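The values are calculated or read from the model by the stated rules, or taken from the named source; none is laboratory data. Computed from a predicted model, the values in this text were never measured in an experiment. For neighbour counting, all protein chains shown are included, and Cβ atoms are generated from backbone atoms with ideal geometry for every residue, glycine included. Surface areas here come from the heavy atoms of the whole protein model, side chains and all, with no ligands, DNA or RNA. Shrake-Rupley method; radii C 1.70, N 1.55, O 1.52, S 1.80 Å.
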Amino acid sequence: MKIDVLYVAGCPNYEPAVARIRKVLASESLQAEVHCVVVSSDAEAKALLFPGSPTIRVNGDDVEPTHTNSPSLACRLYANRSGVPSEEVLRLAVRTKRKE
């Protein structure tokens, strides 16, 4: 399983997002390396289809694909009205990819 956390330098939600995905992985008894990718330009944001910071992808798929914006170097707001996806959203994404 491949976990990517894409973020903008200085994002206040980056570290809490990494901590949350690691917590979910541990609670699901999964070992996966969390790859952290800094996005530093509009060109990179567009190339990566980066909807905002932080963005978490499991095996290349956004954990909340229905709540994405146009690519930009902005903060991201998830459905839970937070800058960090909920444990439930992360758990569902991980469990779905585990079955593939």
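Before moving on, here are some points about what is shown:
- Carbon/sulfur fraction of accessible area - the chain, other protein chains in place, 1.4 Å, %: 51 percent
- Highest-first arrangement of 55-61, 22-28, where packing means the average Cβ count within 10 Å: 55-61, 22-28
- Antiparallel %, DSSP beta bridges [both residues in the chain], to 5: 50 percent
- For the stretch 1-93, the dipole from Cβ point charges (+1 on Lys and Arg, -1 on Asp and Glu) about the Cα centre works out to 120 debye, to the nearest 20.
- Comparing the chain with the 2.2 N^0.38 Å rule of thumb, its C-alpha radius of gyration ratio is 0.98 (two decimals).
- The stretch 89-100 - phi-based ³J(HN,Hα) in whole Hz, Karplus 6.51/-1.76/1.60, Gly and Pro as x: 5, 5, 4, 4, 4, 5, 5, 4, 6, 5, 7, 6
- Site pair HIS35 and ALA47 shows an inter-label distance of 1.4 nm when each label is modelled 7 Å from Cα along Cα→Cβ.
- Mean accessible surface per residue for the chain, computed with a 1.4 Å probe while every protein chain stays in place, in Å²: 56 Å²
- Sum of -39500 (n - 2.57) over DSSP H runs of 4+, divided by residues of the chain (222 nm, nearest 500): -10000 deg cm²/dmol
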